[in-house]
Structure formats: C-alpha cells, structure tokens
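Colleague: My questions will all concern the structure given below.
The values are calculated or read from the model by the stated rules, or taken from the named source; none is laboratory data. Not measured: the values here are computed from a predicted model. Reconstructed Cβ throughout: ideal geometry from the backbone, glycine too, with neighbour counts over all protein chains shown.
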Amino acid sequence: MSVLNPPPDALLARLEARLGPRGFTRDEDDMAPWLTDWRGRYHGRAAALVSPASAADVREVVTACAQAGVGIVPQGGNSSMVGGATPPAQGGVLLLSLRRMNAIRTVSAEDNVLVAEAGAILTHVHEAAAAAGRRFPLTLGAKGSATVGGLVSTNAGGTQVLRFGPMRSLVAGLEAVLPDGSLYEGLSALRKDNRGYDLKQLLIGAEGTLGIVTAASLRLFPAAASRSVAWCGVATPSAALALLRFLEDRTGPAVESFELVPRRALDLVLAYVPGTRPPLAAPASWNVLVEAVDAALEPPLVEAAEAGLLGDAALAVSEAQAEAFWRLRDSISEAERHSGPALKHDISVPVAAMPAFMESAAAAVEQRFPGTRVIAFGHLGDGNVHFTVGAPPEADGAVWLESEALAVSAFVYGEVGAAGGSISAEHGIGQMKREALAATVSPVRLAAQRAIKQALDPKGIMNPGKLLPG
Ligand SMILES: Cc1cc2nc3c(=O)[nH]c(=O)nc-3n(C[C@H](O)[C@H](O)[C@H](O)COP(=O)(O)OP(=O)(O)OC[C@H]3O[C@@H](n4cnc5c(N)ncnc54)[C@H](O)[C@@H]3O)c2cc1C
C-alpha cells in the first residue's frame with residue numbers, strides 16, 4: 001500500500017474555499033471533541049475537520065485527496081466502540097464529518113423505504129418512519145448520536161437483531177463516494193436485484209475503508225400496535241436460553257428482543273446511573289429483558305414460571321415502565337465507563353454454545369488473571385455478548401490496561417475461537433482489533449479482504465490504519 005502524504009496547503013485552501021466556514025476548520029478547540037473516541041481510549045490528530053453539506057462536496061474532497069494521496073477518516077456520531085472514527089495519533093489526515101448531511105430525503109410507506117442522508121441520527125430516522133405510520137426496527141443505546149452512515153459502515157446490530165437482523169438486512173440501497181471520487185448511485189428500493197457483485201454489501205461493515213456513504217435507503221416495517229416488555233429473573237444463562245425458546249414457541253415471531261443482564265451489570269447501573277431503580281423485589285443472579293410486539297407476554301410467562309423456567313418477573317404496566325426497564329439495559333455501557341478501567345470484548349459464538357461459554361470463559365479469565373471481574377451481558381438470542389474484564393480493584397487501572405490488555409484479550413479470543421466464535425460480533429474492528437483480526441481469521445479470508453481493499457482503494461486513502469492489519 002502506498003505511503004500517504006500530509007495535506008498540502010494548496011489542497012486545504014481549495015477545500016476551505018469550497019466548503020466555507022461551516023464546512024472547514026483547523027481550529028484546535030472546534031476539532032477537539034471529534035479527535036477522541038467515545039470511550040476515551042484513542043486520541044488522534046487531523047490537519048483539518050471538513051464537514052461537507054452534499055454528496056457533491058464529498059466528491060470534491062475525496063477527488064482532491066485521491067489526487068494528492070491524502071488520507072481521509074470518515075466520522076458520523078463518533079460512538080464507535082473500537083476507535084474506528086478516530087484519526088491516527090500522528091495526524092496528517094483529514095477528518096471528514098457527515099453530521100451536516102442529516103436530511104431525511106424521502107419516506108415511502110408504499111415501498112416501505114426511507115432514504116436518509118449519512119449524517120441523520122438514528123432517533124430522527126425512527127421519528128420520520130413513525131410519522132409515516134411505519135417503523136425502522138434497528139435500535140441501540142447510542143441511538144441519540146449514532147448516524148445512518150456509521151450504522152451502515154459498522155453493520156450495527158443492536159437489540160432487534162433477533163427478528164430483523166443487523167443493518168446488512170435492513171439496507172435496501174446506498175449512495176456512496178468511492179475512493180477515486182466517483183459517485184455510486186445505488187439508492188434502490190428494489191427487493192430483487194441480481195446484477196453481480198453487490199457493492200452495497202461490500203460497503204456495509206467496511207468501516208469507511210472502501211468509500212464514504214452519503215445516503216442510504218432503509219427498509220421499513222408496519223408500525224407496532226403494542227409492545228409487551230418484561231424483566232425476568234432466571235437462575236443461569238442456560239435457563240435464559242430455554243426461556244427464549246419457550247416464549248418463541250408460544251408467541252411465534254413476536255419476541256423481538258431478549259437481552260441477558262447479570263446481577264453485576266445491573267448493580268453497576270443502579271450505582272452509577274441516576275434515577276434508576278431495581279426492577280425486581282429481590283435481586284436475581286441473571287436477568288432477562290424481553291420485548292414482544294403485538295403479543296401479550298403475561299400468559300406465556302405465567303406458563304414458563306409454572307414450568308420452573310424463571311423466578312420473579314415484572315411486566316411493564318405502562319410505556320414509562322417499559323422505557324425504565326430499557327434504560328437499565330441501555331445504560332450498562334455508560335455505567336461501565338464510570339466504574340473503572342476495563343477491557344471490553346464484543347464477541348459471538350453459536351447461540352446454543354453461549355450459556356456454557358459465558359460461565360466457563362468468565363471463570364477461566366478470572367482464574368488466569370486473579371482479581372479481575374468479568375461482566376458478560378447482551379444479545380443472548382443472537383449469540384452475542386459484551387464480555388468486559390474489569391481491572392483488579394487494587395491495581396493502578398492505567399498501568400494494568402497498558403501491561404495486561406494484550407494478554408487478557410488474547411486469552412478471551414482464545415476461548416472464543418475454541419467455541420467457534422468471532423472476535424467482533426457487531427462493533428467492528430476499527431483500530432482496536434486489527435492485530436486480533438490477523439491472528440484469528442483464516443489467511444484465505446484475510447487475503448480476499450486485502451484484495452478487495454486494493455481493488456477499490458489502491459492508494460489506501462480511506463480510513464488509514466483501520467480494519468485491515470498493517
Ligand atoms: C452507548 C453505546 C451503545 C452501543 N450499542 C451498540 C449496539 O447495541 N450494537 C451495535 O452494533 N453497536 C453499538 N454501539 C456502537 C455502534 O457501532 C455505534 O453506535 C454506531 O454504529 C456508530 O455510528 P456513528 O455514527 O457514531 O459512527 P462513528 O463512530 O462516527 O463511525 C463508526 C465507523 O464508521 C465509519 N463511518 C462513519 N460514518 C461513515 C460514512 N458516512 N461513510 C463511511 N464510513 C463511515 C467511521 O470511519 C468508523 O469506522 C454502541 C455505542 C455506544 C456508545
């Protein structure tokens with residue numbers, strides 16, 4: 001891959017003239033919030049922050065950078081969990097924010113498609129779909145800041161994957177500027193389109209390394225008439241999985257979310273997130289947050305309790321209580337951030353293997369690294385948990401992270417590999433997992449990924465230092 005150049009003054013002047021004061025800054029204070037990742041682990045530098053207002057502006061920037069061999073880091077809401085949107089520490093690149101391009105272009109209830117620009121925030125997509133009597137089902141804890149472009153580029157998952165799949169299943173078409181500055185106009189509403197290689201699917205999950213998404217057409221679904229949300233105590237992860245299958249048998253496809261929350265995670269939320277309250281009278285070792293749409297959960301939960309599949313349970317009796325239950329789940333990452341240094345792993349294993357994996361891998365990590373505390377929580381029904389290893393309480397957190405991160409993560413990934421899993425379920429690779437990717441995927445897969453990158457971005461200008469190992 002060729003060596004990149006820092007942006008020449010003439011290029012910066014040309015972009016400043018084109019983008020104007022709202023679209024171009026080199027001011028350190030203006031750029032500062034966007035040079036550190038959400039978790040505060042990565043700090044980067046950039047020669048300028050450019051904020052185009054249109055796909056034509058994006059083309060101008062990319063064409064200029066392609067000619068000059070200058071690196072570009074695309075950024076949406078900057079909520080990446082893997083440092084994907086943070087520029088390299090040595091700088092010498094342009095940070096390209098899509099946040100100004102936030103229009104909802106069209107909503108078609110007939111086609112069941114909504115077209116949003118890359119900078120549109122997920123919450124606004126939800127609102128626009130609802131205003132048309134439809135629903136965009138993907139949702140996640142960062143919905144107030146995550147953008148369409150970021151969600152597409154990380155193939156985000158979230159809490160509705162069980163029924164609707166990740167972004168890959170929900171994107172009907174894309175508009176994107178490719179690394180040579182050309183515009184791919186693929187905002188299709190077609191359900192069927194077999195004209196060879198699917199560029200859209202290549203761009204989904206590419207983490208900005210193959211081009212810049214400028215807009216997406218997203219699949220909509222009928223609005224739900226009602227939802228039923230319950231918080232259930234269960235004895236073990238395997239009891240939780242048995243409960244999921246039981247509920248699916250009774251309600252068909254109505255169960256859309258099934259989130260597993262260990263007591264340790266709930267305790268952190270109750271300690272660090274103001275205004276949260278215990279959902280059950282007596283704390284349970286493991287908790288499940290379950291949501292079913294257009295179906296009542298009470299009858300199957302009563303039956304499940306009689307069958308010994310769950311302990312105590314609380315059914316939300318109002319929308320406010322349902323939201324309060326969801327807030328407990330969605331605040332876990334935030335609570336972890338306040339609770340001290342920890343190593344996060346977003347991993348997947350086959351669903352049937354997950355209960356045993358959760359208990360055996362946690363025990364193995366805590367035995368191998370004495371004093372650590374594992375919290376594994378999340379999307380049990382998708383075979384995806386967030387596996388956090390907290391630093392020993394007596395350790396200096398920063399020193400511990402520096403000295404133990406590689407060994408701890410390698411150990412966790414070893415356990416994941418032994419269970420037939422993946423080191424990245426939904427957060428992507430970013431700059432955090434590049435070496436782990438090289439160590440855990442097959443040479444065949446890695447070579448094909450490199451060939452795709454070389455074909456589309458031969459100068460390596462798109463999001464340098466991310467995803468593919470150096
Ligand atoms: C509290 C919290 C909860 C989360 N929960 C989940 C969850 O449940 N499931 C899940 O999957 N993820 C989750 N995430 C992480 C998730 O990946 C992001 O929230 C979201 O997908 C990223 O959107 P963003 O706009 O913030 O992208 P950014 O963080 O800005 O960027 C993410 C990546 O996409 C690239 N990118 C951004 N925009 C574009 C574009 N227009 N074109 C090309 N490349 C682009 C960036 O270069 C980077 O590599 C969570 C994050 C937080 C902070």
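Colleague: State all residues of the stretch 196-246 that are in contact (Cβ under 8 Å) with a residue 12 or more places away in the chain, assigned to a loop (DSSP other than H, G, I, E, B) and either hydrophobic (A, V, I, L, M, F, W, C) or away from the ligand (no atom under 14 Å from the Cβ) (or both); if no residue qualifies, say none. Give the derivation first.
Modeller: Going through the stretch 196-246, the residues in contact (Cβ under 8 Å) with a residue 12 or more places away in the chain turn out to be 199-244, 246.
From what is left, the residues that are assigned to a loop (DSSP other than H, G, I, E, B) are 204-211, 220, 223-226, 235-236.
Scanning the stretch 196-246 gives Ile204, Ala206, Leu210, Leu220, Ala223, Ala224, Ala225, Ser226, Ala235, Thr236.
Colleague: Got a sec? Which helices (runs of 4 or more DSSP H) wholly within the stretch 1-70 have at least 3 residues that are more than 15 Å from the ligand (Cβ to nearest atom), charged (D, E, K, R) and modelled with pLDDT of 95 or more? Break it down stepwise before answering.
Modeller: On the way: elements: 9-23, 28-31, 55-68.
Where helices (runs of 4 or more DSSP H) fall fully within the stretch 1-70 and carry at least 3 residues being more than 15 Å from the ligand (Cβ to nearest atom), charged (D, E, K, R) and modelled with pLDDT of 95 or more, they are 9-23, 28-31.
Colleague: Of all residues in the stretch 423-466, count the ones that are out of contact with any helix residue (DSSP H, G or I) (no Cβ under 7 Å at 6 or more places or on another chain) and among the hydrophobic types (A, V, I, L, M, F, W, C). Lay out the reasoning, then the answer.
Modeller: To start, the set of residues in the stretch 423-466 that are out of contact with any helix residue (DSSP H, G or I) (no Cβ under 7 Å at 6 or more places or on another chain) comprises 424-428, 430-435, 437, 439, 441-445, 447-451, 453-458, 460, 462-466.
After this cut, where a residue has to be among the hydrophobic types (A, V, I, L, M, F, W, C) as well, the list is 425, 432, 437, 439, 441, 444, 447-448, 451, 455-456, 462.
Selection size over the stretch 423-466: 12.
Colleague: Also, quick follow-up: Step by step: first the residues of the stretch 363-386, then only those that are assigned to a strand (DSSP E or B) and away from the ligand (no atom under 14 Å from the Cβ), then the one that is farthest from Gly428 (Cα to Cα). Which residue is that? Explain how you work it out, then say what you get.
Modeller: The initial filter retains those residues of the stretch 363-386 that are assigned to a strand (DSSP E or B), namely 373-379, 384-386.
This time we only want the ones that are away from the ligand (no atom under 14 Å from the Cβ), so: 373-376.
Numbers: Arg373: 24, Val374: 21, Ile375: 20, Ala376: 18 Å.
Looking at the filtered set, the residue picked out is Arg373.
Colleague: Still on this structure, I have one more. Just to check your reading of the model, which residue among Thr123, Thr106 is polar (S, T, N, Q) and either within 30 Å of Glu402 (Cβ to Cβ) or more than 16 Å from the ligand (Cβ to nearest atom) (or both)?
Modeller: Working: Thr123 fails: either within 30 Å of Glu402 (Cβ to Cβ) or more than 16 Å from the ligand (Cβ to nearest atom) (or both).
Result: Thr106 is the single residue among Thr123, Thr106 that is polar (S, T, N, Q) and either within 30 Å of Glu402 (Cβ to Cβ) or more than 16 Å from the ligand (Cβ to nearest atom) (or both).
Colleague: Just checking, how many residues over the stretch 158-167 are touching a helix residue (DSSP H, G or I) at 6+ places or on another chain (Cβ under 7 Å) and either polar (S, T, N, Q) or within 11 Å of the ligand (Cβ to nearest atom) (or both)?
Modeller: First, the residues of the stretch 158-167 that are touching a helix residue (DSSP H, G or I) at 6+ places or on another chain (Cβ under 7 Å): 161-164, 167.
Narrowing the set further to residues that are either polar (S, T, N, Q) or within 11 Å of the ligand (Cβ to nearest atom) (or both) leaves 161, 167.
Adding up the residues that qualify gives 2.
Colleague: Can you find, within the stretch 385-406, the residue that is nearest to Ala356 (Cα to Cα) among those that are aliphatic (A, V, I, L, M) and free of Cβ contacts under 8 Å to residues at least 12 places away in the same chain? Quick ask: steps written out before the conclusion?
Modeller: In the first step, residues of the stretch 385-406 are kept if they are aliphatic (A, V, I, L, M); the result is 385, 389, 391, 395, 398-399, 401, 405-406.
Adding the requirement that they be free of Cβ contacts under 8 Å to residues at least 12 places away in the same chain leaves 399, 406.
Details: Val399: 32, Leu406: 24 Å.
Going through the qualifying residues, I end up with Leu406.
Colleague: Okay, next question. Counting only residues that are in contact with a helix residue (DSSP H, G or I) (Cβ under 8 Å, 6 or more places away or on another chain), within 18 Å of Gly465 (Cα to Cα) and buried (at least 24 other Cβ atoms within 10 Å of the Cβ), how many does the stretch 61-78 have?
Modeller: Count: 7.
Colleague: Would you point out the residue of the stretch 344-362, among those that are closer than 15 Å to Val374 by Cβ and within 16 Å of the ligand (Cβ to nearest atom), that is surrounded by the most Cβ atoms within 10 Å (Cβ to Cβ)?
Modeller: Ile347
Each row is one residue, and each column tells you yes or no for (1) crowded, with 24+ Cβ neighbours inside 10 Å; (2) not aliphatic (A, V, I, L, M).
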site	(1), (2)
Gly165	no, yes
Leu183	no, no
Gly186	no, yes
Leu199	no, no
Gly208	yes, yes
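Colleague: Return yes when Thr251 is part of a helix (DSSP H, G or I), surrounded by 14 or more Cβ atoms within 10 Å (Cβ to Cβ) and touching a helix residue (DSSP H, G or I) at 6+ places or on another chain (Cβ under 8 Å) and no when it is not.
Modeller: Working: part of a helix (DSSP H, G or I): yes; surrounded by 14 or more Cβ atoms within 10 Å (Cβ to Cβ): yes; touching a helix residue (DSSP H, G or I) at 6+ places or on another chain (Cβ under 8 Å): yes.
Yes.
Colleague: Taking only the stretch 169-208 into account, find how many residues are on the phi > 0 side of the Ramachandran plot and acidic (Asp, Glu).
Modeller: 1
Colleague: Taking only the stretch 410-465 into account, find how many residues are touching a Gly at 6+ places or on another chain (Cβ under 7 Å), more than 16 Å from the ligand (Cβ to nearest atom) and more than 25 Å from Leu199 (Cβ to Cβ).
Modeller: So the answer is 1.
Colleague: Mind checking which residues of the stretch 293-307 are in a loop (DSSP other than H, G, I, E, B) and of a type in the set (Asp, Glu)? Spell out how you get there, then give the answer.
Modeller: First, pick out the residues of the stretch 293-307 that are in a loop (DSSP other than H, G, I, E, B): 294-297, 307.
Across the stretch 293-307, the qualifying residue is only Asp294.
Colleague: Restricting to the stretch 308-318, and then to whatever is at pLDDT 95 or above and either part of a helix (DSSP H, G or I) or buried (at least 20 other Cβ atoms within 10 Å of the Cβ) (or both), can you tell me which residue is nearest to the chain's Cα centre (by Cα)?
Modeller: Per the stated criteria, the residue is Ala316.
Colleague: Next question, about the same structure. If Ala172 passes every condition in (1) more than 12 Å from the ligand (Cβ to nearest atom); (2) within 30 Å of Leu301 (Cα to Cα); (3) surrounded by fewer than 23 Cβ atoms within 10 Å (Cβ to Cβ) but one, which one does it miss?
Modeller: Here Ala172 clears every test but (2).
Colleague: Scan the stretch 438-457 residue by residue and report those that are in contact with a Pro (Cβ under 8 Å, 6 or more places away or on another chain) and either surrounded by 22 or more Cβ atoms within 10 Å (Cβ to Cβ) or over 28 Å from Ala353 (Cα atoms) (or both).
Modeller: Hits for the stretch 438-457 are Leu456, Asp457.
Colleague: Among the residues of the stretch 455-466, what is the count of those that are within 25 Å of Pro6 (Cβ to Cβ) and either touching a Lys or Arg at 6+ places or on another chain (Cβ under 9 Å) or not in a loop (DSSP other than H, G, I, E, B) (or both)? Spell out how you get there, then give the answer.
Modeller: Here is the first cut: in the stretch 455-466, the ones within 25 Å of Pro6 (Cβ to Cβ) are 456-466.
Narrowing the set further to residues that are either touching a Lys or Arg at 6+ places or on another chain (Cβ under 9 Å) or not in a loop (DSSP other than H, G, I, E, B) (or both) leaves 456, 460, 462, 465-466.
Residues flagged as within 25 Å of Pro6 (Cβ to Cβ) and either touching a Lys or Arg at 6+ places or on another chain (Cβ under 9 Å) or not in a loop (DSSP other than H, G, I, E, B) (or both) within the stretch 455-466 amount to 5.
Colleague: A further question follows. Does Ile452 qualify as being in a helix (DSSP H, G or I) and of a type in the set (Val, Ile, Thr)?
Modeller: Details: in a helix (DSSP H, G or I): yes; of a type in the set (Val, Ile, Thr): yes.
Answer is yes for this residue.
Colleague: Looking only at the stretch 139-157, count every residue that is more than 6 Å from the ligand (Cβ to nearest atom) and within 15 Å of Asn384 (Cα to Cα) and tell me the total.
Modeller: Total meeting the criteria: 1.
Colleague: Follow-up. Pro74 passes all but one of (1) within 22 Å of Glu185 (Cβ to Cβ); (2) away from the ligand (no atom under 12 Å from the Cβ); which number fails?
Modeller: (2)
Colleague: Which residues, taken from the stretch 320-351, are at pLDDT 95 or above, more than 18 Å from the chain's Cα centre (by Cα) and outside any loop (DSSP other than H, G, I, E, B)?
Modeller: Within the stretch 320-351, Ala320, Gln321, Ala322, Glu323, Ala324, Phe325, Leu328, Val351 meet the criteria.
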